[in-house]
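Heads up, the thing below is written out as structure tokens.
The values are calculated or read from the model by the stated rules, or taken from the named source; none is laboratory data. It should be emphasised that the depicted structure is a prediction, and the values quoted were computed from it without experimental measurement. Every residue, glycine among them, receives a Cβ derived from its backbone with ideal geometry; neighbour counts consider all protein chains shown.
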Number of protein chains: 2
Amino acid sequence: MENFTEKLIEKQPVLEGRVLNVRVDRVLLPNGKEATREVVEHPGAVAVVPILDGSHVLMVRQYRYPVGKMLLEIPAGKLDIGEKPEDCARRELEEETGYVAGSLEKLTAIYTAPGFSNEIIHIYLAQNLCKTVQKLDDDEFLTVEKYSWPEIKEMLADGAIQDAKTIAGLLLARAK
Amino acid sequence: MENFTEKLIEKQPVLEGRVLNVRVDRVLLPNGKEATREVVEHPGAVAVVPILDGSHVLMVRQYRYPVGKMLLEIPAGKLDIGEKPEDCARRELEEETGYVAGSLEKLTAIYTAPGFSNEIIHIYLAQNLCKTVQKLDDDEFLTVEKYSWPEIKEMLADGAIQDAKTIAGLLLARAK
């Protein structure tokens, strides 16, 4: 494999935010020229494909401010500092849907936008679900919905599901 | 469907970059409380699943500075100002791989990171490919590789393919 590594020359921080840090780096390209790279640092996240009764997937519908619309997604959330992805997956699943996973299996980890961000999302398959109690934050607003695989297939084909981690997670779970 | 819209109160721009604009918005939540939202504005992009001889997929391997590694992806690129996604798909496919598409079919459009960015990627299936000439920019470094569906299935299962748009595009193309 050829090595096209770009080497950091200088970092310029532009935002230390609540969730994101943003910086503009000057880098050295493989051909010896310089370029700038705008980089969004993200703490990482998890997403879970929760299978109910072997036949349906639990999903959440919530408002996504950056795109200005409600999106239908698999349950997901950011990693707390030092939190293991599997612990985060169990926590987010229960908080958002009110179910705990009897079994949790890692499907993959994806980079959502590697052209400008280091965000990585660890995706899990959750089965043997047991009902507990949903624990939303005060400032978290979502509805939990459940869909059969034929319904999901239709929503993937007609564009009703548009979130990247959700499409990847659903299709990887289905392909197993 | 319940309406969980968050209303803009005030925008604070923090970066007007070469590719990205970043802002921090103060918003009004559905419960009347205020919150901040860190938003990365992106011009939008396309990605193409190019099928060669009905049995292989052309992919590109390139260094992704934000994640610090080489990733195997489907051909993709940012929309120029005013450019139609379909035109961009044809352009990027030819520039990166040296093939033009005899047929081009839209698979879907995905939001890669709707929690913090408005990036949308329009994904196309390209078939009946004809060889022309690769036209990389001076500062673009990538290798073109081709894989069979069994090889892709294995790379999806073992984590060798980690890019979200690539996973979504490959599995949507395969599901057709």
(request) State yes or no: is A:GLU2 more than 23 Å from B:VAL40 (Cβ to Cβ), charged (D, E, K, R), without any contact (Cβ under 8 Å) to a residue 12 or more places away in the chain and not assigned by TED's automatic domain parsing to the domain that holds A:MET155? (result) yes
(request) Would you confirm whether any residue within region B:102-120 is over 30 Å from A:PRO43 (Cα atoms), free of Cβ contacts under 8 Å to residues at least 12 places away in the same chain and not small (Gly, Ala, Ser)? (result) no
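Results for (1) farther than 16 Å from A:THR112 by Cβ; (2) not assigned by TED's automatic domain parsing to the domain that holds A:TRP149, shown as yes or no for each residue.
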| position | (1), (2) |
| --- | --- |
| A:GLU16 | yes, yes |
| A:GLY54 | yes, no |
| A:MET59 | yes, no |
| A:LYS78 | no, no |
| A:GLU83 | yes, no |
| A:ARG90 | yes, no |
(request) List every residue pair whose Cβ atoms sit under 7 Å apart, with the two residues 6 or more apart in sequence or on different chains, where the first one lies in region A:10-34 and is at the interface with chain B (Cβ under 7 Å from one of its Cβ atoms) and outside any loop (DSSP other than H, G, I, E, B) and the second, anywhere, is surrounded by 13 or more Cβ atoms within 10 Å (Cβ to Cβ) and small (Gly, Ala, Ser). (result) A:VAL24/B:GLY17; A:VAL27/A:ALA35
(request) Scan (1) surrounded by 15 or more Cβ atoms within 10 Å (Cβ to Cβ); (2) at pLDDT 95 or above for the single condition B:PHE4 breaks and write down its number. (result) (2)
(message) Quick check on my filter: what residues within region A:120-148 are in contact with a Ser or Thr (Cβ under 7 Å, 6 or more places away or on another chain) and surrounded by fewer than 18 Cβ atoms within 10 Å (Cβ to Cβ)?
(response) A:GLN127, A:ASN128, A:GLN134, A:VAL144, A:SER148
(message) The conditions are (1) facing chain A (nearest Cβ under 8 Å); (2) closer than 13 Å to A:GLY115 by Cβ; (3) surrounded by 15 or more Cβ atoms within 10 Å (Cβ to Cβ), and B:GLY44 fails exactly one of them. Which is it?
(response) (1)
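Residues checked against (1) under 30 Å from A:LEU172 (Cβ atoms); (2) surrounded by fewer than 18 Cβ atoms within 10 Å (Cβ to Cβ); (3) of a type in the set (S, T, N, Q):
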| position | (1), (2), (3) |
| --- | --- |
| A:LEU8 | no, yes, no |
| A:GLY32 | no, yes, no |
| A:VAL40 | yes, no, no |
| A:ILE51 | yes, no, no |
| A:LEU58 | yes, no, no |
| A:LYS69 | yes, yes, no |
| A:ALA76 | yes, no, no |
| A:GLU83 | yes, yes, no |
(message) I'd like to verify a number: residues in region A:136-165 that are more than 9 Å from chain B (Cβ to nearest Cβ), under 28 Å from B:ALA35 (Cβ atoms) and at pLDDT 95 or above, how many?
(response) 3
